[in-house]
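The values are calculated or read from the model by the stated rules, or taken from the named source; none is laboratory data. Just so you know, these numbers come straight off a predicted model, no measurement behind them. Counting neighbours? That spans all protein chains shown, and the Cβs are built from the backbone with ideal geometry, glycine included. We work out accessible area using only protein heavy atoms, side chains counted, and drop any ligands, DNA or RNA first. Shrake-Rupley method; radii C 1.70, N 1.55, O 1.52, S 1.80 Å.
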Amino acid sequence: MLRPLLPDDPTAIGPFVLHGRLGAGGMGVVFQGFGPDGSVVAIKMPHVELARDPEFRARFRQEVTAAQRVHGRRIAEVVAADINAERPWLANSFVSGESMAQAIREHGAMSPAQLYDFASGLAEALDCIHGAEVIHRDLKPDNIILSWDGPRVIDFGIARITDATRLTEPGRIIGTLAWMPPEMLGNREVGPPADIFAWGALVAFAATGRPPFRADTQAAVIARIIRDDPDLTGVPGRYRRMVIAAMDKDPDARPTAPELVNFLAAQARDEQSGRRKTVIAPSGGEVEVSESAEVTLPEPDRAAMPESEDQPVSVPDDNAFSETDEVWVAPDEPHLSSADPQPRHNTLLPTPAVSRNDVVTPQRQPIGATVPPTAAAAADPFARTWVVVATIVLSLFGYGLLFGPIAIVRGIRERVYARRAFVAPPLSAARWLRFGWISLAISIAVIAVALTAR
């Protein structure tokens, strides 16, 4: 939440004019500012006493260097920085949304759809971070912003470049205990697997609303992380296997960030292609088959077929008539065989007898003698042309019924987030709203034309 500036706060930092406070902590203050071009940024500035500490300045310089190397849509990228100022500062692109900690605290665990977006988005962020040879080392709910288009990772306060000099003294722990891997607590070398461990803990937290290593004291939390398995009760089965692998005690046994991304992408593809269909069998039962499976229906029961001669029965048979044969049978007369005296007007096949599989037609009504005119021949071709044209146009513009409301909702959400942040709505909000209303208007007009043509 944006709060007003205090009397001792600066009104401008570098080229940015400050608008208010986004937050404050033991390390410093985060301000919201506006650049000369109207862009919105979040500016991190340490407290005066920390700015005078050479060790902190070295760590702050490392943070800026690491953050400047990381680029991606899941990262709050660096806009500007001054690490040599009396009070050094770092400006990141402003991310509209609420922290994961606040969202879970206010709304509880995430839904299945939200959980997939969060897990895949955070894995994508780690792929960008590790691809730049940077280790975040402090992934926690407060450092993840849930924006309208997915999670964003912020605050590289204790991040370290993989080949940089280690600044943390032996036996000194910097970070948040609940999300730390065992090697970080045991003062061992920390690498990218530490962030993978935090990914698993955060996915479990998002799915259940509680940390996987809950305890009453910090010492108990440390003991559980080092000794016990995480509490994954309530984590959906589709994520449990990967979360367990990510939170392995052995860093070398954990998957990499690209493996997490590929696993989640493949899982989404498998779920889409593996959707099952329900086929109604003739007996009334339901048979579940996949899209690529073959359906075998039961053979027809010949004994249950009608025995009456005045009802036509057609079943494929080796003795079936050819297309040019005709059979004349009187309604009340028995079937004729080749041995019986045959009337001159009767033409029989040279087969031993007419079986019950033969086609029986009324007297002196050859098969195919009367064919009713089809509806297509009697239809008005002009009206059909209009229907075809309207269907084609509807297929082109009818998607507006789906994408129109989506675009409108997206534009409204961008305006709402901007209003909450006390900033001007982005230009994209107006574009989304315009696109949505135009799509809906075109779709409604096309549907009206199609209905009129019918």
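For the pair the stretch 17-83 / the stretch 87-137, the C-alpha centres are spaced 17 Å from each other.
Remark: relative contact order (the stretch 1-127) = 17 percent; criterion is Cα-Cα distance under 8 angstrom and separation of 6 or more residues. Working from label points 7 Å from Cα in the Cα-to-Cβ sense, the residue 220 to residue 85 distance is 4.4 nm. Site pair residue 27 and residue 107 shows an inter-label distance of 2.6 nm when each label is modelled 7 Å from Cα along Cα→Cβ. Amide H contacts of residue 135: 160, 161, 162, each under 5 Å away and 5 or more positions distant or on a separate chain (H built 1.01 Å from N in the peptide plane; Pro and chain starts excluded). Here the Karplus relation 6.51 cos²θ - 1.76 cosθ + 1.60, evaluated at θ = phi - 60°, turns the backbone of the stretch 19-33 into coupling constants of 10, x, 9, 8, x, 8, x, x, 8, x, 10, 10, 9, 9, x Hz, with x for every Gly and Pro. You can think of it this way: the chain between residue 149 and residue 245 has 31.8 nm of extra reach, that is 0.36 nm per residue less the Cα-Cα gap.
Taking other residues whose beta carbon is less than 15 angstrom from the beta carbon of residue 409, and scoring Lys, Arg as +1 and Asp, Glu as -1, yields +3. Counting only protein heavy atoms and using a 1.4 Å probe, the accessible area of residue 65 comes to about 60 Å². Couplings for the stretch 211-218, taken from phi via the Karplus curve 6.51 cos²θ - 1.76 cosθ + 1.60 with θ = phi - 60°, read x, x, 10, 7, 7, 7, 10, 5 Hz in order; Gly and Pro are left as x. Amide H to amide H, with H built 1.01 Å from N, residue 23 comes under 5 Å of 30, counting only residues 5 or more places away or on other chains.
For residue 98, the residues whose amide H sits under 5 Å from its own are 146, ignoring neighbours fewer than 5 places away on the same chain, with H placed 1.01 Å from N. With R₀ set to 25 Å, the beta-carbon distance separating residue 444 from residue 416 gives a calculated FRET efficiency near 0.45. Residue 11 sits with roughly 100 Å² accessible to a 1.4 Å probe, with DNA, RNA and ligands left out of the calculation. The relative contact order of the stretch 173-270, computed from alpha carbon pairs under 8 Å that lie at least 6 residues apart in sequence, is 31 percent.
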